[in-house]
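> Input: one structure, supplied below.
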Amino acid sequence: MTATIALFDIDGTLINSGGAGRRAMDQALRELGCSGAAFSMAGMTDRAIARRALQEGGCPDSDAAINAVLDRYLAVLRGTLGAQVRVLAGVTQLIQQLRLCSQLRLGLGTGNVAAGAQLKLATTGLWPFFDFGGFGCDAELRAPLLRVAAERGALQAGLPLAACRVLVVGDTVHDIAAARANDFECLAVASGGSSRDSLAQHQPQLLVDSLEDPRALQWLTATAQIGG
Ligand SMILES: [Mg+2]
């Protein structure tokens with residue numbers, strides 16, 4: 001039986017934060033003297049968002065400046081996240097089913113810095129279900145952070161990464177591209193940052209409208225046994 005490592009994106013895939021993340025980032029930027037971000041943040045890592053916003057606002061984009069934005073972002077997010085965060089359709093049921101698969105390691109592959117990921121998922125009760133992850137503080141680009149996440153999953157499984165099937169679940173074309181760059185497979189869900197048509201153009205291994213679609217569980221567990 002092949003060990004499977006499943007890496008879930010957060011925003012638009014597991015949850016919708018009702019724009020709280022974007023508002024917190026905009027406020028952090030403004031407080032530090034830079035205009036807010038005027039671009040889609042979907043699929044970008046937090047560090048990449050901070051860097052691009054600083055550059056477009058004519059501010060220095062040094063590591064220290066990016067760290068200052070992210071520190072302030074986390075403080076604002078901590079004070080503003082609340083009831084507006086909702087778990088997307090089918091997510092809770094899918095995660096509960098996946099937790100029953102002993103050959104499947106459940107992790108995160110997200111552009112959120114780890115502290116932001118925890119804040120967002122803790123409000124929904126989903127945080128304890130994920131044993132490891134690759135985060136926006138591990139790498140500025142999505143492909144290397146997925147690699148870090150997969151390596152952490154393989155370590156938990158006690159196997160070399162090459163012996164594992166790695167599956168990425170995400171809502172944007174960036175998730176698909178980053179999975180492909182690592183030779184991982186991707187389940188794209190049209191519940192967030194990219195339209196169904198643009199996701200289809202990037203040819204994920206499976207494309208669904210929501211994680212309620214039974215093919216999601218079927219595909220994720222194709223080489224693992226539920227309860228096994
Ligand atoms: Mg996303």
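FYI, it's all coordinate maths here, none of it is from the lab. Predicted, not measured: the structure shown is a model, and the values here were computed from it. With ideal geometry, Cβ positions are generated from the backbone for all residues, glycine too; neighbour counts draw on all protein chains shown.
> Using +1 at the C-beta of Lys and Arg and -1 at the C-beta of Asp and Glu, which of Leu119, Gln201, Ile176 has the Cα lying farthest in the positive direction of the dipole of the chain?
It is Leu119.
> By count of other Cβ within 10 Å, fewest leading, how are Arg105, Arg86, Arg152, Arg23 ordered?
Ranked by crowding around the Cβ, least crowded first: Arg86, Arg23, Arg152, Arg105.
> Antiparallel versus total DSSP beta bridges in the chain: what percent is that, nearest 5?
Details: 3 of 25 bridges.
Around 10 percent of the beta bridges assigned by DSSP in the chain are antiparallel ones.
> Per DSSP helix of 4 or more residues, -39500 (n - 2.57); summed, then divided by the residues of the chain. What does that give at 222 nm, rounded to the nearest 500?
Computed ellipticity for the chain at 222 nm equals -12500 deg cm²/dmol.
> Still on this structure, please answer the following. Sorted from fewest to most neighbouring beta carbons within 10 Å, what does the list Thr80, Thr110 look like? List each step's numbers first, then the result.
Details: Thr80 14, Thr110 32.
Ranking Thr80, Thr110 by Cβ neighbours within 10 Å, fewest first, gives Thr80, Thr110.
> Which order do peptides 137-144, 211-218, 174-181 fall in by mean Cβ count within 10 Å, highest first?
Top of the packing list down: 174-181, 137-144, 211-218.
> Please work out whether the chain counts as rounded, prolate or oblate from its C-alpha gyration tensor, where a ≥ b ≥ c are the square roots of the eigenvalues and a/c under 1.5 means rounded, while otherwise a/b larger than b/c means prolate and anything else oblate?
Note, shape of the chain comes out prolate.
> Counting other C-beta atoms within 10 Å, and keeping those with at most 12, which DSSP coil chymotrypsin sites (Phe, Trp or Tyr not before Pro) do you find in the stretch 1-76?
Numbers: sites: Phe8, Phe39, Tyr73; in loops: Phe39.
Listed in order of number, the matching sites are Phe39.
> Here is a follow-up. Taking the Cα centre as origin and putting +1 on Lys and Arg beta-carbons and -1 on Asp and Glu beta-carbons, what dipole magnitude results for the stretch 45-106, to the nearest 20 debye? Walk me through the numbers before you get to the answer.
Details: 8 positive and 5 negative charges, 67 e Å.
With only Lys, Arg, Asp and Glu charged at Cβ, the dipole is about 320 debye.
> Moving to a separate point now. Strictly under 4.7 angstrom between C-beta atoms: which cysteines of the chain have no such partner?
Cys101, Cys137, Cys164, Cys186
> Using the 10 angstrom Cβ neighbour count as an exposure proxy, how do Val85, Val189 rank, fewest first?
Fewest to most other Cβ atoms nearby, the residues stand as Val85, Val189.
> Test of understanding: in a Gaussian network model of the chain with alpha carbons linked when under 10 Å, which of Gly170, Gly33, Gly111 would top the mean-square fluctuation ranking?
Looking only at Gly170, Gly33, Gly111, the largest GNM fluctuation is found for Gly33.
> Mind putting a number on the dipole of the chain about its Cα centre? Charges go on the C-beta only, +1 for Lys and Arg and -1 for Asp and Glu, and I need it in Debye to the nearest 20.
Dipole magnitude for the chain comes out near 260 debye.
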